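Engineer: After the structure tokens below, expect a handful of questions from me.
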Amino acid sequence: MSERPAVSANPDPTPDFEAMVARHRRELHVHCYRMLASFDEAEDAVQETFLRAWRSEDRLTVGAARAWLYRIATNVCLDQLRRRSRQATQVEDPHSMAEIPQLQPYPDRLLDELAAPPEQPDEVAVRRETIELAFLAAVQALPAKQRATFLVRDLLGWSAAETADALGTSVAAANSALQRARATMQAKLPARRADWATPPAGEEERELLARFIEASERGDYELAVSISAENIRVTMPPYPMVYDGLAAIDPLLRRMMVEKSDGDWRLVPTSANRMPAAANYLRRPGDTQFRAFKVDLLRTEGDKIVEITTFGPELFARFGLPEILAVT
């Protein structure tokens, strides 16, 4: 990860500029996260956005700060995508998280920091369907310019003229990019999400998370199987391995719950990307403490878990969780 320039380290930022930074930081971070699918890369992009903004603060128009910052942030992200020196991720399956090695979760506790101003409540609010991992995976399949066009047009509500001006292209080209991006998104996302409308989390989803935690802690193999879809998928970004179907994950379940060769587990419920999640702590044989091990994000359909996306223990602090779990 690159070193992040600190805006406050630059000489004499004005109080008004610092207040603007504080007000818009989280929503710009979410925008950059959608562009890049990486929490860390989005943080770099936001820092670079404010650095560029401060250097040209004299061009700031009163009342237009938010749009100005989004314009800078979008172009910073495009620059970062070019520096990746690779083609846009071609996602064959709309939920193939293993094809996006930079993918990181976004804890809901940080999404909840967004406070929509009265004049822009819909633009600032992070709707569940536009932050879920499936949506991010589909967005990453778009070429960079199409990705930027889609996000600023359909999520931020920019006009074709505003988009063309911000991206340095023509209105006709911006409209064409949007049309192609929408077609790709419709093809990549499941039918029930084609209109970007995912129902909010309900009691059934919370119950599934509770049963997932119970099965893991008790070593209940039968319970784990009963709540898993036959075609369940497990991925572990940034690693490329993919486990497709109950038969593929059966050895993992047996090692964890029947043989218990890894040790004992304690799980803490949490959430990220507006999805249920569990922070897993492991007490290995011979150890006396439960230590941070992984974070599982669950995608559910009805009464089954259809996908588990697993991330490493380095993210626990971001979730506000300790490295060692106190167990009474």
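The values are calculated or read from the model by the stated rules, or taken from the named source; none is laboratory data. Everything quoted here is computed from the prediction, not taken from an experiment. Cβ: placed from backbone, ideal geometry, glycine included. Neighbour counts: every protein chain shown.
Engineer: Would you point out the residue of region 221-241, among those that are exposed (fewer than 15 other Cβ atoms within 10 Å of the Cβ) and without any contact (Cβ under 8 Å) to a residue 40 or more places away in the chain, that is farthest from residue 99 (Cα to Cα)?
Structural biologist: Once the filter is applied, the top-ranked residue is 222.
Engineer: Okay, next question. Looking at region 153-177 only, could you name the residues that are loosely packed, with under 14 Cβ neighbours inside 10 Å and outside any loop (DSSP other than H, G, I, E, B)?
Structural biologist: Hits for region 153-177 are 161, 172.
Engineer: Taking region 6-40, which residues are among the aliphatic types (A, V, I, L, M), surrounded by fewer than 18 Cβ atoms within 10 Å (Cβ to Cβ) and at pLDDT 70 or above?
Structural biologist: If the condition is that a residue be among the aliphatic types (A, V, I, L, M), surrounded by fewer than 18 Cβ atoms within 10 Å (Cβ to Cβ) and at pLDDT 70 or above, then 19, 22 are the ones that fit.
Engineer: To continue, here is another question. Suppose the filter is modelled with pLDDT of 95 or more, farther than 21 Å from residue 150 by Cβ and either touching a helix residue (DSSP H, G or I) at 6+ places or on another chain (Cβ under 7 Å) or not in a helix (DSSP H, G or I) (or both); does residue 3 pass it?
Structural biologist: No; evaluated as a whole, the condition is false for this residue.
Engineer: Restricting to region 206-263, and then to whatever is over 16 Å from residue 304 (Cβ atoms) and polar (S, T, N, Q), can you tell me which residue is modelled with the lowest pLDDT?
Structural biologist: The extreme case among them is 261.
Engineer: Further question on the same structure: Can you run down the residue pairs with Cβ atoms below 8 Å, 6 or more apart or on separate chains, where the first is in region 31-52 and within 17 Å of residue 314 (Cβ to Cβ) and the partner is modelled with pLDDT of 95 or more and among the β-branched types (Val, Ile, Thr)?
Structural biologist: Matching pairs, first to second residue: 42/30.
Engineer: Follow-up question, since we're still on this one. Among the numbered criteria (1) in a helix (DSSP H, G or I); (2) modelled with pLDDT of 90 or more, which single criterion is violated by residue 122?
Structural biologist: (2) is the only condition that residue 122 fails.
Engineer: On to the next question. Scanning region 185-205 for residues that are acidic (Asp, Glu) and more than 20 Å from the chain's Cα centre (by Cα), which turns out modelled with the highest pLDDT?
Structural biologist: Out of the qualifying residues, it is 204.
Engineer: Please state which one of 313, 269 is within 23 Å of residue 126 (Cβ to Cβ) and not polar (S, T, N, Q).
Structural biologist: 269
Engineer: Specify the residue that is nearest to residue 217 (Cα to Cα); the eligible residues are those in region 264-305 that are of a type in the set (Val, Ile, Thr) and at pLDDT 95 or above.
Structural biologist: Taking the candidates together, the pick is 268.
Engineer: Do we find that residue 215 is exposed (fewer than 13 other Cβ atoms within 10 Å of the Cβ) and farther than 17 Å from residue 97 by Cβ in this structure?
Structural biologist: No; evaluated as a whole, the condition is false for this residue.
Engineer: For region 156-170, give me each residue that is over 19 Å from residue 64 (Cβ atoms) and touching a residue at least 24 places away in the same chain (Cβ under 8 Å).
Structural biologist: 169
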